[in-house]
1. When a/c reaches 1.5 or more, the comparison of a/b and b/c decides; with that in mind, is segment 425-489 rounded, prolate or oblate per its Cα gyration tensor?
2. Rounded, prolate or oblate: which one fits segment 334-402, using the alpha carbon gyration tensor with axes a ≥ b ≥ c (rounded when a/c is under 1.5, else prolate when a/b beats b/c, else oblate)?
3. Which helices count as membrane-span-like in the chain under these terms: full DSSP H, at least 30 Å along the axis by C-alpha, Kyte-Doolittle mean of 0.5 or more?
4. Arrange the peptides 466-474, 289-297 so that the one whose residues have, on average, the most other Cβ atoms within 10 Å appears first.
5. What is the mean projected area of the alpha carbon convex hull for segment 285-336, to one decimal in square nanometres?
6. Report Rg(Cα)/(2.2 N^0.38 Å) for segment 180-273, keeping two decimals.
7. Considering the options CYS394, ILE178, LEU220, tell which one lies farthest towards the positive end of the dipole of the chain, charges being +1 on Lys and Arg and -1 on Asp and Glu at the Cβ, about the Cα centre.
8. Could you give the nm distance between label points at SER442 and PHE333, where each point is 7 Å from its Cα heading toward the beta carbon?
Amino acid sequence: MAGGAIISTSGGKEYPGKITLFVFLACLVASSGGLVAGYDIGISGGVTSMDSFLRNFFPLVYRKEEEHTSTNQYCKFDSQLLTLFTSSLYLAALVASFLASTVTRELGRKWSMFGGGITVLVGAAFNGAAENVIMLILGRILLGVGVGFMGQSVPLYLSEMAPAKLRGMLNIGFQLMITIGILAANLINYGVVRIAGGWGWRISLSLVAVPAAIITIGSLLLPDTPNSLLERGHADAAKAMLSKIRGTDDVHDEYDDLVAACEVSKLIKHPWKNILERKYRPQLIMVVLIPFFQQLTGINVIMFYAPVLFKTIGFGDDASLMSAVITGLVNVFATFVSIATVDRAGRRALFLQGGTQMLICQIIVGTLIGIQFGTRGVATISKAYGSCIVFFICVYVAGFAWSWGPLGILVPSEIFPLEIRSAGQSINVSVNLFFTFVIGQSFLTLLCHLKFGLFYFFGGWVLIMTVFIGLFLPETKNVPIERMILVWKKHWFWGKFIADEDVLHVGNKSNVGGV
Ligand code: BGC
């Protein structure tokens with residue numbers, strides 16, 4: 001899932017930037033939200049590759065899997081019910097996120113996070129105790145509802161609690177927590193598969209309760225944000241809260257800005273209509289295409305199904321789960337590369353480099369699998385050959401983790417003017433969840449039909465999106481959000497959508513981020 005916006009309303013002014021206990025606790029809660037999301041992404045593939053789990057819930061898949069390697073390996077996991085176990089979460093999250101945005105606005109961020117946390121706890125209990133497929137899928141749906149609520153409230157809570165200076169960093173920090181959640185899930189799967197009696201999957205599915213408990217308890221202990229108090233008409237309480245979380249009484253500038261931002265957002269009666277205006281066309285197209293492309297990189301084929309994929313190419317239980325741990329580690333470490341370079345090298349350089357790297361790896365992986373398995377899907381491969389495939393999958397994951405992973409969250413959150421930012425963010429999250437569902441549901445069938453060509457299929461999309469970025473995404477590094485419109489105005493293609501009078505209020509004295 002997408003992390004959501006870290007919204008800056010600072011207007012470039014200096015506010016108190018100290019990390020108080022509240023800010024620290026807010027970060028802790030927010031990280032737990034990222035962990036829940038990541039854990040849910042990483043856990044299902046490992047579990048669905050465990051024999052004891054398949055025997056209990058998906059006996060047909062288990063029987064097909066047990067058949068000799070002389071049968072078509074590409075299709076052995078092809079079951080709509082099995083993929084529904086993974087993907088139902090994202091459909092539920094999509095539906096829940098619409099409701100969650102109203103709850104987050106009307107009742108405050110705190111109760112929305114609390115609701116999300118409780119729902120995940122109940123979902124974890126259903127999954128851990130599951131006796132049949134219905135309980136399993138019900139559990140996944142509850143987890144999805146929780147993820148939908150957290151996806152709306154946690155990033156907003158974090159951005160409103162944190163001092164302005166920290167917002168950009170926290171934005172990628174949320175993605176980092178997602179990757180750590182995925183890795184934690186991979187490690188736990190690797191550990192529990194050894195448990196005698198074959199019930200280790202129950203531990204895997206229940207442990208999401210740990211970060212969920214932190215967020216549930218945390219949300220009860222933490223106050224609501226000043227922005228939310230103000231939005232709901234409690235002006236005095238909002239000001240008192242702002243002093244409390246900043247640890248100083250010197251918050252007048254920030255408070256005045258909050259009041260001004262709140263007034264502006266009250267004036268905007270129709271953000272959904274506004275976003276359709278011609279002058280916002282570039283941002284609208286980006287906020288639909290970026291999350292769409294992010295999912296079409298095929299990353300979740302690896303994040304969801306790495307262990308299943310590795311079993312498909314002939315690895316045993318242990319080796320498959322170990323390989324997933326390795327890809328998980330690469331994912332975490334490569335995200336740091338993005339954190340270190342994004343404001344210097346810029347967004348475009350990372351997108352173009354990461355895209356090229358992913359494309360090359362996809363061609364290599366597809367070809368390596370194609371050479372051995374052909375179109376019939378019958379082969380046994382050597383350990384060295386298998387390791388070579390895992391290596392190129394890791395290089396592919398690294399390319400994603402420093403480009404489309406974090407930038408898929410960062411870029412949409414920084415290109416919108418305030419008046420349509422929340423509408424834009426909702427579109428970003430919804431498109432991301434919808435295509436996460438589509439890929440989750442269709443991957444095993446696509447693998448069965450497209451065979452090794454599946455890697456070329458995603459490679460084709462990566463080529464399209466890399467060319468698209470090259471032609472259509474202007475550089476946004478170091479550009480204050482208020483001046484972002486100038487970047488679009490100067491762009492060779494998007495410039496014609498923006499009239500001269502649309503940029504008059506910004507002024508044109510400065511050189512915008514070198515554009
Ligand atoms: C994507 C997820 C993906 C994750 C991998 C996120 O940015 O939205 O779908 O699983 O990155 O690290």
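1. The shape class here is oblate.
2. Prolate shape, in that a/c is at least 1.5 and a/b is the bigger ratio.
3. Qualifying helices, which must be both long enough and hydrophobic enough, are 21-48, 80-106, 133-161, 167-192, 317-341, 347-373, 421-450.
4. 289-297, 466-474
5. Here the figure is 4.2 nm², rounded to one decimal.
6. 1.78
7. Final value for the positive-end residue is CYS394.
8. It works out to 3.4 nm between the two label points.
No value in this document is a laboratory result; all are computed from the given coordinates. Fair warning: this is a prediction, and the values are worked out from it, not measured in the lab. Every residue, glycine among them, receives a Cβ derived from its backbone with ideal geometry; neighbour counts consider all protein chains shown.
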